[in-house]
1. In region 102-121, how many residues are in a loop (DSSP other than H, G, I, E, B) and closer than 17 Å to residue 269 by Cβ?
2. Residue 148 - would you say it is in contact with a strand residue (DSSP E or B) (Cβ under 9 Å, 6 or more places away or on another chain), under 30 Å from residue 46 (Cβ atoms) and of a type in the set (D, E, K, R)?
3. Starting from region 115-127, keep only residues that are without any contact (Cβ under 8 Å) to a residue 24 or more places away in the chain and over 17 Å from residue 240 (Cβ atoms), then list their pairs with residues that are outside any helix (DSSP H, G or I) and not acidic (Asp, Glu) whose Cβ atoms are within a distance under 7 Å, requiring at least 6 positions of separation or different chains.
4. Would you mind listing the helices (runs of 4 or more DSSP H) fully within region 1-101 where at least 3 residues are over 20 Å from residue 143 (Cα atoms) and at pLDDT 90 or above?
5. What pairs can you find where one residue is in region 159-180 and touching a residue at least 60 places away in the same chain (Cβ under 8 Å) and farther than 9 Å from residue 277 by Cα, the other is among the hydroxyl-bearing types (Ser, Thr, Tyr) and surrounded by 15 or more Cβ atoms within 10 Å (Cβ to Cβ), and their Cβ atoms are less than 7 Å apart, with a gap of 6+ or different chains?
6. Say whether the condition of being part of a helix (DSSP H, G or I), in contact with a His (Cβ under 7 Å, 6 or more places away or on another chain) and farther than 26 Å from residue 270 by Cβ is met by at least one residue in region 237-252.
7. Under 9 Å by Cβ, and 6 or more places apart or on different chains, what pairs join a residue from region 73-98 that is touching a residue at least 60 places away in the same chain (Cβ under 8 Å) and within 21 Å of residue 279 (Cβ to Cβ) with one that is outside any helix (DSSP H, G or I) and of a type outside the set (Ser, Thr, Tyr)?
8. Tell me which residues, restricted to region 241-268, are modelled with pLDDT under 85 and touching a helix residue (DSSP H, G or I) at 6+ places or on another chain (Cβ under 6 Å).
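The values are calculated or read from the model by the stated rules, or taken from the named source; none is laboratory data. Here the structure is a predicted model, which means the values were calculated and not measured. FYI the Cβ positions are ideal-geometry reconstructions off the backbone, even for glycines, and counts take in every protein chain you see.
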Amino acid sequence: MATEDGHGAQTSGEYIAHHLQNLQVCKVDDAWVWNQCAGNPMALNVDSMFFSVLLGLVFILIFRGAAKKASSGKPGKMQAFVEIVVDFIDSSVKDTFHGKSNLIAPLALTIFVWVFFMNLMDLIPVDWLPEIGMMIGVPYLKVVPTTDVNITFGMSIAVFVLILFYSIKSKGIGGFIGELTLHPIAPPMKGVGLIAAPFIIAFNFILESVALLAKPLSLSLRLFGNMFAGELIFILIALLGIWQLPLHFGWAVFHILIVTLQAFIFMMLTVVYLTLASEEH
């Protein structure tokens, strides 16, 4: 394939592969090595972890600063922005979650803003930060944490643990096990049909287990897939060289909707799953 203007001797395939490669560190023969982790399931994606933690700290600092400077008089722009976000999340949670919990609303706020900030990194032109990284000796740099399936799975697993916690808290161990084994088909508990009860219970358990495990899986892959596709389109646009600017701007304007929508969907599905886990049947 012919080389592309503005990308040195890299072919289009090499350019795309470079931008999709994480900065990784792993342990090989009792020694930590960088970027030699192909196929190693224990490799750490350092760039994804760095930007996710950094953006989490940015979220904390912005909202903490707004809270400390909050006044009952005329609010400043930052206070007004934070109040709008908090009110929006609070009303969304109240419309969906009807139980009593001091965790759900703060969790929803954290998820929405944190995921939004991570998604927002997708609007930075794809070459800017990686080029700066190359100047200081960092060969690979992916700056959008939500295009890393490890990050999205990590968040969805945390939500899954909360689903189990609220299910057991609301229904008890017996109720939780009963929910997995006695639905959707109620097994006969007397008469001749009692012989078939173990098979029906096993069938229910398989169905309900698949449905339960599908929640964190779909939660993770939905966010990852949408953001990865958006990032890939930005990379393909960047192959046009100087002609990328109008296309990049147009796609970035449209992508703002995707960035916001995916953060909202992840937050709302989390609230819905926790609502279902808290309901007593």
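1. Residues of region 102-121 in a loop (DSSP other than H, G, I, E, B): 102-103.
Still in the running and closer than 17 Å to residue 269 by Cβ: 103.
Here the count works out to 1.
2. Values: in contact with a strand residue (DSSP E or B) (Cβ under 9 Å, 6 or more places away or on another chain): yes; under 30 Å from residue 46 (Cβ atoms): yes; of a type in the set (D, E, K, R): yes.
Against the criterion (in contact with a strand residue (DSSP E or B) (Cβ under 9 Å, 6 or more places away or on another chain), under 30 Å from residue 46 (Cβ atoms) and of a type in the set (D, E, K, R)), residue 148 qualifies.
3. 124/143
4. Details: elements: 12-19, 46-68, 77-96.
In region 1-101, the matching helices (runs of 4 or more DSSP H) lie at 46-68, 77-96.
5. Listed pairs, sorted by first residue: 159/270; 159/273.
6. Restricting attention to region 237-252, the residues satisfying the condition of being part of a helix (DSSP H, G or I) are 237-238, 241-252.
Applying the additional criterion that residues be in contact with a His (Cβ under 7 Å, 6 or more places away or on another chain) yields 237.
Restricting the remaining residues to those that are farther than 26 Å from residue 270 by Cβ gives 237.
Within region 237-252, one or more residues are part of a helix (DSSP H, G or I), in contact with a His (Cβ under 7 Å, 6 or more places away or on another chain) and farther than 26 Å from residue 270 by Cβ.
7. Close Cβ pairs (under 9 Å, with a partner that is outside any helix (DSSP H, G or I) and of a type outside the set (Ser, Thr, Tyr)) amount to 98/279.
8. Within region 241-268, 244, 247, 248 qualify.
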